[in-house]
Amino acid sequence: MLSVDIHNHVTPAAYLKAVRDAPQRMGSRIERDDAGREWLVMDNGRSTQVRQDFVDPALRLQAMAEAQIDVIVESILPPLFHYWADIDQAVRVCRSVNDAIADNVARHPGRIVGMGMVPLQQVTEAVRELERIVRELDMASVIIGTNVNDKNLDEPELFPFFECAQDLDVLVFVHPHEVTARQRLRRYYLTNWIGNPLETSIAFASLIFGGVLERLPRLKVCFAHAGGYTPWIRGRWRHGYSHCDRGKPEAVLTHSIYEYMQRCYFDTVIFDELAIEYLIRAVGSDHVVHGTDYPSDMGIWDQIPLINSFQSITQTDKDKILGANAATLLKLTGAGFANR
Ligand SMILES: [Zn+2]
């Protein structure tokens, strides 16, 4: 059985070098704190620590091997999306990051797979970079935020991006960032514990009720952190849509709310055995994919024994969740991809 981690963050070394060489051009800089730790500080004030487990492929692959993971799918951390930047700078950052991840992939064939990023603040450039990462860098997935400068994902201006993703058969991985209600969630890390799943739920609802999934029936979307609150509250959405006139979307939905959900994919970063089992029952074993969120502070990279311990699902379903589903979505074929 091939095991794949679809949710694995990287700060690629070649991109960091580009920042060190030309911070103004890249919209960020490296700073060192009093304890000697390095931080990547974006010009919008967001920052993330530069740790070797985000940067060094050897270290990262060693950690994954210890967790019985064969293949990691590398994506950038959300604070680095650069949707706030002017478009020339954002394009430069995306190209630098995508090229750097592609370099990691080339150096570790069969072990590292790339998930690209695009400058969604301008859809023509986002489409251009999406086409480049697919055709030139051979990537089959792209990470996007749950909003683009406070705009939800059903904004008509974003539609050409999703249309292009469907045409190119690219998996769109939706990851929370810049959470709403930040002021009220500022204590106890609730920005992450509540804000992140809230963001993901808003993004999911926008794609359903805004008609994006209706208009693009072959679009493949995977939601981080098991879809936020969506699997759990799906009944409210179905009941509300069929019984309540208030808030009726303009888009005409020809399928049930559950069908749109079951068309999408969900990672396993939910930290609760009952929740994972419920998720599998709600959306089906074909639509749950193993992820770790490594090496973020909210990551979990020892889930394979947990999922294998489930009595309620078959070994075939476990194999799908741990690797086969991701292998199909990301087109991980050939002898290069094998379990270790
Ligand atoms: Zn993440």
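The values are calculated or read from the model by the stated rules, or taken from the named source; none is laboratory data. Computed from a prediction, not measured in an experiment: that's the story for all the values here. Here the Cβ positions follow ideal geometry from the backbone for every residue, glycine too, while neighbour counts run over all protein chains shown. To get the accessible areas, we keep the full protein, side chains included, count just its heavy atoms, and leave off ligands, DNA and RNA. Shrake-Rupley method; radii C 1.70, N 1.55, O 1.52, S 1.80 Å.
Key figures
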| read-out | value |
| --- | --- |
| Number of the exception - residue 238 against (1) open to solvent by less than 80 Å² (accessible area, probe 1.4 Å); (2) in contact with a helix residue (DSSP H, G or I) (Cβ under 7 Å, 6 or more places away or on another chain) | (1) |
| Members of region 72-87 found to be within 12 Å of the ligand (Cβ to nearest atom) and in contact with a helix residue (DSSP H, G or I) (Cβ under 6 Å, 6 or more places away or on another chain), listed by number | 74, 76 |
| Options 93, 73; residue that is crowded, with 24+ Cβ neighbours inside 10 Å, over 15 Å from residue 16 (Cα atoms), in contact (Cβ under 8 Å) with a residue 60 or more places away in the chain and not polar (S, T, N, Q) | 73 |
| Test: residue in region 160-169 that is in contact with a strand residue (DSSP E or B) (Cβ under 9 Å, 6 or more places away or on another chain) and either within 16 Å of the ligand (Cβ to nearest atom) or free of Cβ contacts under 8 Å to residues at least 40 places away in the same chain (or both) | no |
| Output for region 248-270, where each listed residue is closer than 15 Å to residue 229 by Cα and in a loop (DSSP other than H, G, I, E, B) | 264, 268, 269, 270 |
| Filtered residue count, region 319-340, keeping only those that are surrounded by 13 or more Cβ atoms within 10 Å (Cβ to Cβ) and without any contact (Cβ under 8 Å) to a residue 60 or more places away in the chain | 3 |
| Looking only at region 1-28, and only at residues there that are within 16 Å of the ligand (Cβ to nearest atom) and of a type in the set (S, T, N, Q), the one that is surrounded by the fewest Cβ atoms within 10 Å (Cβ to Cβ) | 11 |
| Selection from region 271-311 of residues that are within 17 Å of residue 197 (Cα to Cα), more than 16 Å from the ligand (Cβ to nearest atom), open to solvent by less than 10 Å² (accessible area, probe 1.4 Å) and outside any helix (DSSP H, G or I) | 288 |
| Options 109, 119; residue that is touching a residue at least 40 places away in the same chain (Cβ under 8 Å), of a type outside the set (Ser, Thr, Tyr) and assigned to a loop (DSSP other than H, G, I, E, B) | 109 |
| Failed item in (1) closer than 23 Å to residue 292 by Cβ; (2) surrounded by fewer than 16 Cβ atoms within 10 Å (Cβ to Cβ), with residue 186 passing the rest | (1) |
| Residue 33 being out of contact with any helix residue (DSSP H, G or I) (no Cβ under 7 Å at 6 or more places or on another chain), over 26 Å from residue 200 (Cα atoms), more than 16 Å from the ligand (Cβ to nearest atom) and open to solvent by less than 70 Å² (accessible area, probe 1.4 Å) | yes |
| Meets criteria (within 16 Å of the ligand (Cβ to nearest atom), out of contact with any Lys or Arg (no Cβ under 7 Å at 6 or more places or on another chain) and either part of a loop (DSSP other than H, G, I, E, B) or at positive phi (or both)) for residue 69 | yes |
| Residue within region 120-127 that is touching a strand residue (DSSP E or B) at 6+ places or on another chain (Cβ under 6 Å), more than 16 Å from the ligand (Cβ to nearest atom) and open to solvent by less than 40 Å² (accessible area, probe 1.4 Å) present | yes |
| Condition check for residue 331: part of a helix (DSSP H, G or I), more than 16 Å from the ligand (Cβ to nearest atom) and within 30 Å of residue 55 (Cα to Cα) | no |
